[in-house]
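Just below is one structure, and these are the notes that go with it.
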Amino acid sequence: MLSCFDQTQATPVVQHPAAPSARGAVFTRPEVAEFILDLVGYTPDRPLHQQRILEPSFGDGVFLLAILRRLLSSARRFGTSGLSEAIRGVELHPETFEATYHAVVALLQQEGFSKHLADHWLIQGDYLLCPLEGPFHYVVGNPPYVRVEAIPPTLLAEYRRRYATMHDRADLYIPFIERSLSLLAEGGALGFICADRWAKNRYGALLRKYVADNFHLKIYLDMAHAPAFRSKVAAYPAIMVISREAPGPTRIVHHPSLEPDQLTQLAQVLRADTLPEGGAVRVAQVTRGAAPWLFVAPEQRALLERLERRFPSLEEAGCRVGIGVATGADQAFIGDFEALEVEPDRKLPLVTTQDIGSGEVRWGGLGLINPFSETGDLVDLRCYPRLRAYLEARREVIAGRHYARRFPARWYRTIDRIVPSLARTPKLLIPDIKGRPHVVLEQGRLYPHHNLYYITSESWDLRALQAVLLSAVAHLFVAAYSTQMRGGYLRFQAQYLRRIRIPRWSEVPHHLRQALLEAAQARDVQACNQAAFRLYGLSEEESLALERLYANT
């Protein structure tokens, strides 16, 4: 067996966590692995010994063993020469590697092939750092999903140096995809199942552009609500097939059945030269440079594009989108407002998601410790003896945060800077995760917590804007650009809210202003829809399409 740590002294050796969840290991169901192999064309009716396949993070071997069975079946038909170059598999975790290595050896011996093939094929080490000789005709697998915060700083710096697409808060699967695509032979195909977030969010922009400029996104299967893994995941996965060939339209499937026979039939359909009429497969030009990939129905996409051409974005129309405060130690910075033993001007009333569940603000009495002055500087604790005593009593918790360890002189700073004037500013509050828009007007008395996004405006009437944001039009924008979470929930994050287009308030006729205000005041979603449809000048057909979309979420 091979170890990439033995092949280069430049590779940093880092102790990785042993627990599968900490390593980003989520194991794929066998029928899904077989389906992906069918999609990329790795089938035993071909001379597979003449081609090369890579599994970059083989884990418990669900892909690797399926690959091996197909390769050996093909070898019996077409010949066994060159088998030592046919497979490369990489696994980081030593114990997992050993277990799968022995499973591969057992299968080889059972089928009458040399066990030493496993020594040629399998590499123990970090796929993102190992030297690998390409190209490969196929790359398949389920890359690890590891948040950037869980990657040791030295290792993260090395990944960022090597992989141009790993920017912002990119998860580990981003450089996995980049490297795998770079190793593809001309005409080769990558088939991955992984989180779909990069297809739409900010950190996936550079990878989307890399794909759009150099590859063809051939197939995209939305696996929302489909149990593709052997454990539950919070973010929905997608299956994508990307080939090294000229860009073109994508074949799209939503929510496929995972019955093995139906997956086999679906793979045949998706790989056919022509698609059957009236089937479940849609075709669209998805890749557009770094722009998010949109998988909405054609009529919804056409409406989106028309609205984007005609109207300014939310912020261009005079609105500001932000997020509430993250403290890094809520147990120290947040408590019962009246019981917080600090100077009166060192605490602010705090609004949370629980306070707006009814659709109106019902303050639960929480308060936020504010260590900032009106100018944005940290206050001098010597001037606030009660605040100083309060913070010192909780110093162990507060100073133990990552930020405080980096900047010990500023140990009592919250992660986000607190701007006290925001509490006094009227704003719309929107929870991060919801199935439909949930927009609540806060009149300017409370400071938002970090699970709440807020919108302020000096031009738009916030009550009227509330009606627009509660409507199916705003829902269309968020549903198109947001990733879905378990249960069908959407992320109403700032990056998606900023995608919403609205007219400028000065261009809204008086009668529509009144209709929006009355609809929001009554919290009548149907009235909000009707007023918004008129505001955007939607046709009857477009209005009905949006109502159907809204009703089905």
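Tabulated data for the structure shown
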| item | result |
| --- | --- |
| Local electrostatic count, L275, Cβ distance below 11 Å [Lys/Arg +1, Asp/Glu -1] | +1 |
| The chain: angle of helix 510-522 to the longest principal axis, Cα-based, in degrees nearest 10 | 80 |
| Solvent-accessible area, 1.4 Å probe, carbon plus sulfur percent, for region 165-224 | 47 |
| Sites E507 and A290, calculated FRET efficiency, Cβ-Cβ separation with R0 25 Å, nearest 0.05 | 0.25 |
| Of all accessible heavy-atom area on region 77-141, the percent that carbon and sulfur account for (1.4 Å) | 52 |
| Projected label distance in nm at R406 and H102, using a 7 Å step from Cα toward the beta-carbon | 4.3 |
| Label-zone membership for region 35-67, site E133, 7 angstrom Cα→C-beta point, backbone N under 19 Å | 49-56 |
| Inter-part distance where region 99-129 and region 418-477 are each reduced to a Cα centre, Å | 56 |
| Cβ-derived FRET efficiency at R0 60 Å, E360 paired with T154, nearest 0.05 | 0.75 |
| The chain - accessible surface per residue (Å², probe 1.4 Å) | 43 |
| Solvent exposure, largest accessible area first (probe 1.4 Å, DNA, RNA and ligands not counted), of S459, S74 | S459, S74 |
| Between region 485-521 and region 245-290, the Cα center-to-center distance that results, in Å | 34 |
| Extended-chain gain in nm, criterion 0.36 nm per residue less alpha-carbon gap, H120 and S421 | 101.9 nm |
| In Hz, Karplus ³J(HN,Hα) per residue of region 325-339 (6.51, -1.76, 1.60; θ = phi - 60°; x = Gly, Pro) | 7, 9, 9, x, 7, 4, 5, 9, 8, 10, x, 4, 4, 5, 8 |
| Sulfur and carbon atoms: percent of accessible area, region 260-367 [1.4 Å] | 50 |
| Proximal charge balance of C319 [Cβ under 14 Å; K/R count +1, D/E count -1] | +3 |
| From the coordinates shown, Cα extents along the principal axes in Å corresponds to which of (i) 98, 62, 49; (ii) 80, 62, 34; (iii) 76, 54, 48 | (ii) |
| Residues listed by number, region 281-302, amide nitrogen under 20 Å from N552 label point at 7 Å toward C-beta | 281-286, 293-302 |
| Unit charges on C-beta of K, R, D, E only; dipole of the chain, Debye | 800 |
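The values are calculated or read from the model by the stated rules, or taken from the named source; none is laboratory data. Everything numeric in this text was worked out from a predicted model, so none of it was measured. Don't worry about glycine lacking a Cβ; one is built from the backbone with ideal geometry, like all the others, and counts go over all protein chains shown. Remember, those area values only see protein heavy atoms, side chains included, never the ligands or the DNA or RNA. Shrake-Rupley method; radii C 1.70, N 1.55, O 1.52, S 1.80 Å.
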